[in-house]
Structure formats: C-alpha cells, structure tokens
Amino acid sequence: MKKILFLIFTLSFQQMLFAQNVKDFLQHRSTQILYTNDKISLNAPLQKASNNLEMYANEAQSYLTKHNPKLNNPNISLKLQSSIQSLLGYHFQFIQTYKDIEVYQSTVKININFDGKIISMSDNLFDASDWSDSYFPKTNANTNSQKLWIYDGDKLIPSYSEKIKSQYGLKDNVIKHATSNETLYSEALHLGFDKKDTLVAAKIFNPDPISMINAKYNDPWPDKSGRWVDSNHADYPAINNQRRDVLLPIRISNDTFIMENEYAISLDIESPRLPVYSSTDANFDFTRATSTFKEEMVLYHIHHYQTYMRSIGISNLTNYQLHVDAHGRGDDNSSFSFGDPPFYLIFGTGGVPDAEDADVINHEYTHACINSIAPKTIDPTNPNDRLSLEEGSCDFIATQFSKMQTTNNWRWFANWDGYFWSGNTNGGRNTNSSKVYSSNLSSSDIYGNSVIWSGFLNDMAECTGSDVAFKLFFSAASMLQLNTDMPQAAKLVLLADSMLYNQSHTSCIKSTISARGLDVISSIANTIPSNEYVLYNTQEFSQNKGDAELVLNNAKIKTIQIYSSNGQLMNTAEINAYHAKFIAEDFKSGLYFVDILDSQNRTTKFKLIKF
C-alpha cells in the first residue's frame, strides 16, 4: 500500500514539475531582432496595399520560410496573425504551426517599409529544424477549445486552450495537457460606424480636480474647511467646482441621448450593476457623486485621445467602438481585456473612482491602442520587460496628455487616484524617477521597472515635443513582439526617427537612452548561430552522473550567467575560453537558465535540469 501511495505521489510531483518547467521555459525566453537590407519582391507599390494586404502577407511569409532556418521542417508552416499599417509601412506577424496546429507563443514579425525594404524582423520562433514526428491524440476538450502545441524547450506537448471566466468575470486563457487534462499554463486576458454623434454641454475633470489648482492629494482647501480627499465619492462644492466646461460628443437616436460615440460605448459589464444613463433631456451637468459623471469622463477623454492622435497623423489606433464600464468592479483597479473581441475597459470604483482621473482613462485606453497595432504580443502572466514596456508606455501617454492641461506635477501618473494604491500624495507612479535599466531592474516588479521606460519616453518628449514623441512611440510600438525588452524597444524608436525624420532627433534620443541605462549591449546583440556551439552531457548532468560542457567553435566564451527558475541570478563567471564545464555536484536539484555572451558580443541561452 505504501509503495502504491509513493508511486502516486511521485507521478503527481512529476506532473507539477512538468507544468512548472513549461512556465519557467516560456517566461525566460527572449526575442531576437534582426536587421537586413533585403527587399521583398512585390508586384505592385506597397502604398496601395490596403486592397492587397493578403498578397503582401504571402510575399512576406515566403521570404521568412526561405530565409529562417528554424522553419526547416516539412511539418512546419506559418499562419498570419495580424497585418497592421503604420507611419513606417506594414507589419505582418505570423505564428508557427506544426501539422497545421498552432505552436503556442512561437511567433515572428516582419516589418516592411512602403518600398518593400525590410525594416526589421522580430524572431520569437522555436527552432523546429530537428523536431521529431509527434502526433496529436484524441482529447476530451469541449468544442469551444482550441488545439495547441506547447513547447517546453525539449519536446512538443499536445494541448488545448480554453477561455474561462475568472475573478470579476474577466477572461483567462487556460492551456491544458490534451490527455492528462493537467493545467500547463494560464494567462489573464486583461491588463489593466455609421451612426451619428452630436455635441452636448457637459462638465468633466481635466485631468483631475487637484492638478489644475497646483494641489496634491490631502492638501487643505483654500478656506481650510476641508481637504482634497475622496471622502467616499461625496459631492463637495470645492471638488465639483473643479469641473471644466466641454462639448461632449454623444450619440442621439430617436430624440434620445445615449452614452456612446464613435470610439466608445458605455455599458454595464460588471458588478456593481448600475444602469447606463440615457435621456431625452440635453442637460448633462452631472456632479462627481453620480455614475453618469464617470460615464461622461470616459467618453470625453477617449474621444479627445482619438481626435488628437488623428490630428497629428496617427490614424491606425483602435478603429472600432470600444466597450467601457465606467463604474465596474468595487476595488481600486482598472483593466483592458485584450483576449478576443469585443474588447472592453473596466474602471474600478474603490478608493477614488478610477474614471474620475483622466490619467487612468488615458492609461487604460493606451492598452487598447497598443493592442490594435501590435496584437498578441503580450503575456500578462509573465513579469518581463514587455509587460513593463506596456505599463510604462501607458503612463507616458497619460502624463503627456496631463501636461497639455497643466505642468503641475505632470510627471506623476494618477495624481488624484494614485494615493490609494501608492500611499504617495503626489500620485501613483513617478515617471521622473532616478531608476536606470542597467542597475535598478527588478526580476518581478513590472510597475517598478515601468518607470524606467516611461521616464525615457518623457525625457525624449522634452527634447522632441509631444507630437513627435507620439509618432515615434506608436511607430516603434507597431514593431513590438512577445518578448521585446526595453533596450530593443529603444532601438526601434531610433529606427522610427531615422525613417520618419531622417535622424533629426537621434542625438537627443541617444542621450536619453544612455541616461536611462538602455544602451546595454547584451540585449541588442546578435545571437550565436546554433551550428557554432555544442552542449555536451546534459542527460548525465541531469542525473548527477557527469558534468555538462559547452564548446564554442568560432569565438571564445566571454561571460556565463546562471539564473534560478524564479529569475534570481545565481552566478556570473568570466571565462575567456572556447569551452566551459558545469560541475553537476555544484548544482542543487532544479531548473536553471544559462545566458552566454561570446567575445563577439553575441548571445545564446539554454537551460540545465538537475534531478
């Protein structure tokens, strides 16, 4: 009986380790960005691609299949995920398939200018050149599930994904083993026309009730009779008097005003259940205590965001009507649901209601904008640079819009709402912090890391101006990939400046990149080709029967860095030799990730397992 129980426990432990290995492998991958002067062979000018996107996507797919050795397998092909037009050209993203079934998070993006020249390629593919034959078994998954292969760095695992409702009714994507039904990976699918609009007079905060009067949260009112605090969303004259007169674009149907416009529609998506306002009365003078005031705030600021971006030539952001719940969940948290359409924004009502702060509205809407030009390039479960990039980018846009109204404390994100979750009376996050990438990067704090990126973008905007900075950012964002890191993204900003402005801002951009420590070599280095190194004895190493050995052919090993499965740096070694040994007895049981930098500043990564 004990032996049977021990066997069951062993199998259960192995299944847990199996799932953990999948998660660790996926969350420690990096994207390789390649630059080339090659040109795609086109039969017509790319400027006319709006009617010929499929043809150009086929040309791009043929180029990738021919030139990428990772696709050298008869069972492998590419499937188009997205095709986006930007100020730079066109951006095609493909996902790898094996026997016509998608391989999870194995993608490649190719960016092409209007002359057909390749701008760059972001390679996040798995190397399938030596994949052995695998078959997909029958599964008990429901009809709404999607078949997937998931790769753990060693083998393909037949799986399926399901969209499920999680906390607050948001959507999660759960990937399970096709036969054992074991959960291998899960990701949260949220982050944070032709109808006619009319204009109604309304009053809103822009950006919030305190920034325009040079106050901070908890400061006393001018007459000392109270303080600038939320006070349970109450209607105090001092706070309501900070509303600004605006013309609110809103829809009218059969003489009834409806809370929607061209870019957003207000809906009651989540609890607390509050009916969305509609009326035949054109009086839209609502105070902050009402739910309608929050609906006005969201509709106005999203519409202003879109019209401003379009006025400076950025017209490819969220070309659809976004669903928004201005008075959603009861906690102090908002999010964008980016899994599958319809996309929606939820604004929390805990603390200061999030929809009362334009910074929060513009931040969340930026998630939707980035998703519209770089879809399927983010994994909210993975606390990596790409996620920090996302949050920092949203803070950057929000603070720039705030600066257009007032320079008071503008580099702090969420001046009104932020105190409740940061404890700082200035706001939620400081986009002018002293953090630098090369020395202040955390392995898990995406929000702490995000201020490095938002700081860089705001520094850049100080020397280029907001409009140029917006164009550079959204052009670079069109080229983002699943695991793009901050130094790679900074290089994409430089590339955008070269293409749009003939490098006229390059000097100041490079200066801000350097000031934030984003000019590190290892993150933008070339990858060591797989035929230039060999890793020996990994199986013996895993069983503690021998040492593993790495041998390079054409360059010396410069440095080796070894990380634990949770991302902690365990050891750094300067080698300066063509080979290095990994002594098995020096490693405890577990999964390790190894980063190699050679004498030509090229990199590669691999994992070691010790049982």
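Among the residues of segment 465-472, is any over 23 Å from Thr31 (Cα atoms), part of a helix (DSSP H, G or I) and in contact with an Asp or Glu (Cβ under 7 Å, 6 or more places away or on another chain)? No, segment 465-472 contains no residue that is over 23 Å from Thr31 (Cα atoms), part of a helix (DSSP H, G or I) and in contact with an Asp or Glu (Cβ under 7 Å, 6 or more places away or on another chain). In this entry, Arg273 is excluded by the filter for residues that are modelled with pLDDT of 95 or more and not aromatic (Phe, Trp, Tyr). Taking segment 212-223 as the range and being under 14 Å from Asn240 (Cα atoms) and either open to solvent by 50 Å² or more (accessible area, probe 1.4 Å) or not in a loop (DSSP other than H, G, I, E, B) (or both) as the test, the residues that pass are Met212, Ile213. Looking at Ile302, Ile258, just one residue is more than 14 Å from Ala355 (Cβ to Cβ) and hydrophobic (A, V, I, L, M, F, W, C), and that residue is Ile258.
Restricting to helices (runs of 4 or more DSSP H) lying wholly in segment 342-434: which have 2 or more residues that are modelled with pLDDT of 95 or more and of a type in the set (A, V, I, L, M)?
Values: elements: 358-373, 385-405, 419-422.
Fully inside segment 342-434 and qualifying: 358-373, 385-405.
Checked against the criteria, Val229 does not count as farther than 25 Å from Gly423 by Cβ and among the hydrophobic types (A, V, I, L, M, F, W, C). Within segment 386-407, residues that are closer than 13 Å to Ala461 by Cα have Cβ atoms under 7 Å from residues that are surrounded by fewer than 19 Cβ atoms within 10 Å (Cβ to Cβ) in these pairs: Gln400/Ser466, counting only partners at least 6 apart in sequence or on another chain. Within segment 332-352, being under 20 Å from Glu260 (Cα atoms) and open to solvent by less than 10 Å² (accessible area, probe 1.4 Å) holds for Ser334, Ser335, Phe336, Ser337, Leu345, Ile346, Phe347, Gly348. For segment 237-266, a residue qualifies if it is assigned to a loop (DSSP other than H, G, I, E, B) and open to solvent by 60 Å² or more (accessible area, probe 1.4 Å), and the qualifying residues are Asn241, Asn254, Asp255, Glu262.
Could you tell me whether segment 438-448 includes any residue that is surrounded by 24 or more Cβ atoms within 10 Å (Cβ to Cβ) and either touching a Leu at 6+ places or on another chain (Cβ under 7 Å) or under 22 Å from Tyr300 (Cα atoms) (or both)? The answer is no; no qualifying residue exists.
Considering segment 545-611, the qualifying strands (runs of 3 or more DSSP E), each wholly inside and each with 1 or more residues that are open to solvent by 50 Å² or more (accessible area, probe 1.4 Å) and in contact with a Leu (Cβ under 7 Å, 6 or more places away or on another chain), run over 557-564, 579-582.
Checking Leu457, Leu441, Leu472, Leu518 one by one, the residue that is within 30 Å of Leu597 (Cα to Cα), under 20 Å from the mean Cα position of the chain (by Cα) and at pLDDT 95 or above is Leu457 and no other.
Looking across segment 293-331, the residues that are within 21 Å of Leu247 (Cβ to Cβ), open to solvent by 10 Å² or more (accessible area, probe 1.4 Å) and either hydroxyl-bearing (Ser, Thr, Tyr) or assigned to a helix (DSSP H, G or I) (or both) come down to Lys294, Tyr300, His303, His304, Thr307, Tyr308, Arg310, Ser311. The numbered conditions (1) surrounded by 24 or more Cβ atoms within 10 Å (Cβ to Cβ); (2) closer than 20 Å to Tyr217 by Cα; (3) over 22 Å from the mean Cα position of the chain (by Cα) are all true for Lys403 except (1). Is it true that some residue in segment 360-377 is more than 22 Å from Ser444 (Cα to Cα) and touching a Cys at 6+ places or on another chain (Cβ under 6 Å)? Yes: one or more hits. For segment 559-602, residues that are at positive phi and polar (S, T, N, Q) total 2.
Evaluate the following for Val451: is it of a type in the set (Val, Ile, Thr), under 21 Å from the mean Cα position of the chain (by Cα) and either farther than 30 Å from Gly351 by Cα or surrounded by fewer than 18 Cβ atoms within 10 Å (Cβ to Cβ) (or both)? Judged against the criteria, Val451 is not a match. Against the condition under 35 Å from the mean Cα position of the chain (by Cα), among the β-branched types (Val, Ile, Thr) and modelled with pLDDT under 85, how does Thr572 come out, does it pass? In short, yes.
The values are calculated or read from the model by the stated rules, or taken from the named source; none is laboratory data. Everything numeric in this text was worked out from a predicted model, so none of it was measured. Backbone-built Cβ (ideal geometry, glycine too); neighbour counts: all protein chains shown. Note: areas computed on protein heavy atoms with side chains; ligands, DNA, RNA excluded. Shrake-Rupley method; radii C 1.70, N 1.55, O 1.52, S 1.80 Å.
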